[in-house]
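**Q** Structure provided below as structure tokens; questions to follow.
What follows draws every value from the coordinates through simple rules; no lab data is involved. These figures come from a predicted structure and were not determined experimentally. We place every Cβ from the backbone using ideal geometry, glycine too, and count neighbours over all the protein chains shown.
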Amino acid sequence: MKRPWNFLINVFTNVTKGSYVKMLSLISDHESKLKAKMSDADIQAIIERTTNVKNELSAKFNTWKSAKGTYEGETLRFGNLMNELNDEKISRWEAMVRIEYPERSADFRIIFPDGRTTFRKGNYETRIAKVGALAQTLLNYESLLTAQGEVDAFYKELMAARDVQQQKEQLTASSSGELEQARIAAGEIMYANLGYLMNKYYQNPETIEEFFELENIRRHEGKSSSEPYVVNIDPNTTIEAGIEFDENDVFRFNNFGDVTLYAFSAATPDATCPENAIVIEAGSEKSCLASELGDAGNDYILITNKNSELEGEIEILIV
């Protein structure tokens, strides 16, 4: 494929990929610089369209930040319930059953056919379903109605928390898509304004620099961006995250999805997942040095989803 002419590449959309904060900074600064010269009728002619897209970007950014914060909070709430299931509930319910039916009895096996470890394995939906199945089974045992009530109440609490969390996830994804469209629209207006200013100042092109925050445009914010990277990984897939880093950086991984993911660095973007990759369990957060992800000198961060059915979702932030 032939490389496009440099002047046909929109530098504003290119340098803000992955950073809504940077685009908001660029267009806000650009708007202010235009308004400083609004006494010029030619400049005044492009201020309104610039302000419109800036305001739209700002509004979408605020909506996204709010939705994202709510989603993260509901994810934490749901994760705490799943941890409670693992750490307290199953042991308690098993003890309540064991009082009536010894561990080696037929009824104990009916109630816990796979033992309590089964509640700690599989995706969230599978584990929640096992709690529901346990509540249903306990209905057959009059002596365990107290236990049944506890299990059923916790099952309903899990279902409600999961439903809210997934609704907020959809809202975040939707607002993220709208924010990305607003980012691109802002970049397109800045590109159009650049052309307009080039036409106006073609005999004095250095004047154009007065309308743009050149230092921020020239600087690539790959690893220093304050906004996290959100990466979706298809089943049985390894993808390159597109993050610039060095061996002294600290990564924070937040696995929002339902599958375990594996993070590692490599010398090439198509490397396969090694046995010593960093493991990030579903619903968990993990921090590590870049040097822990792979050999010094590696240029790529890769994420692997080994699950054959479910998509993974992870947030990556260099802190």
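**Q** Let's test the formula: R0 of 51 Å, r as the Cβ-Cβ distance of S25 and A153. What FRET efficiency results, to the nearest 0.05?
**A** Values: r = 49 Å, r/R0 = 0.96.
Here the calculated transfer efficiency is 0.55.
**Q** Once you list every other residue whose beta carbon is under 13 Å from the beta carbon of A147, what net charge do they have if Lys and Arg are +1 and Asp and Glu are -1?
**A** On the way: positive: K89, R92, R98; negative: E94, E100, D107, E142, E150, D152.
That sum, taken over residues with Cβ under 13 Å, equals -3.
**Q** Taking Cα pairs under 8 Å and at least six residues apart, what relative contact order does the chain come out at, in percent? Before the final figure, lay out the partial values.
**A** Values: 442 pairs, mean separation 66.5, N = 319.
Worked out over the chain, it gives 21 percent.
**Q** Which of these, E215, E94, E48, has the largest mean-square fluctuation under a Gaussian network model of the chain (Cα springs below 10 Å)?
**A** E215
**Q** Please identify, among L179, L194, L293, the residue showing maximal mean-square fluctuation in a Gaussian network model of the chain using a 10 angstrom Cα cutoff.
**A** L194
**Q** Report the residue, chosen from S25, S287, S39, that carries the largest GNM mean-square fluctuation when the chain is represented by alpha-carbon nodes joined by springs under 10 Å.
**A** S39
**Q** For the chain, what is Rg from Cα atoms divided by 2.2 N^0.38 Å, rounded to two decimals? Could you put the intermediate results ahead of the total?
**A** On the way: Rg = 26.5 Å, N = 319, 2.2 N^0.38 = 19.7 Å.
Normalised by 2.2 N^0.38 Å, the Cα Rg of the chain equals 1.34.
**Q** How large is the charge dipole for the stretch 1-120, taken about the Cα centre, if only the Cβ atoms of Lys, Arg (+1) and Asp, Glu (-1) carry charge, to the nearest 20 debye? The partial results should precede the final answer.
**A** Details: 20 positive and 16 negative charges, 118 e Å.
About 560 debye.
**Q** Another one. When the helix-only estimate is applied to the chain (DSSP H runs of n ≥ 4, each -39,500 (n - 2.57), divided by the residue count), what is the mean residue ellipticity at 222 nm, nearest 500 deg cm²/dmol? Kindly include the intermediate steps, with their values, before the conclusion.
**A** On the way: 9 runs with 162 residues, N = 319.
Rounded to the nearest 500, the figure is -17000 deg cm²/dmol.
**Q** Given A241, N14, A135, which one lies farthest toward the positive end of the charge dipole of the chain, if we put +1 on the Cβ of every Lys and Arg and -1 on the Cβ of every Asp and Glu?
**A** About the Cα centre, the residue reaching furthest to the positive side is N14.
**Q** In the chain, if the dipole is taken from +1 on Lys/Arg beta carbons and -1 on Asp/Glu beta carbons about the Cα centre, which of W93, S28, I316 is farthest to the positive end?
**A** S28
**Q** Under unit Cβ charges (Lys, Arg +1; Asp, Glu -1), what dipole magnitude, rounded to 20 debye, does the chain have relative to its Cα centre? List each step's numbers first, then the result.
**A** On the way: 34 positive and 51 negative charges, 89 e Å.
My answer is approximately 420 debye.
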